[in-house]
Amino acid sequence: MTAPAIIVTMSDSVPGRQMGDVLGIARGSVVRARFFGRDFVAGLRNLVGGEVNEYTDLMAQTREQAMARMIAHAAELGADAVVTFRFSTSTITEGAAEILAYGTAVKLT
């Protein structure tokens, strides 16, 4: 048996649903470092300009992983939904960044 899906929204409510208890902040964090091979290819791409697809893909995967961790944390809290969902990024050190997904875990009635 699979757990019911947790609704995730950037708004402060879920359309058509009433919010019950606020369970706290649900969060998921991932710290990613650059990889030499990817940096080499990205460096070559910088010579000619344009989008650096290697980094775009890396950040997209990292956002998805952070969001999945946030949803898992919301499930641990017993939430039906996460409202006011956001992403935040910060540099940890040269070549490494954190992606944080967070929002308010709530029960729906």
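No lab work stands behind these numbers, since they all come straight from the coordinates. Just so it is clear, the structure is predicted and the values come from calculations on it, not from any experiment. We place every Cβ from the backbone using ideal geometry, glycine too, and count neighbours over all the protein chains shown.
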Original post:
Hey, quick one: spin label on Asp21, modelled 7 Å out along Cα-Cβ, who in the range 70-101 has an amide N within reach, i.e. under 17 Å?
Top reply: 73-83
**OP:** Mind checking the full-extension length gain between Thr84 and Ser11? Use 0.36 nm per residue of separation minus the Cα-Cα distance, one decimal, nm.
**Re:** 25.8 nm
Original post:
Stretch Thr56-Val31 to full length: gain in nm at 0.36 nm per residue minus the Cα-Cα span?
Top reply: 7.5 nm
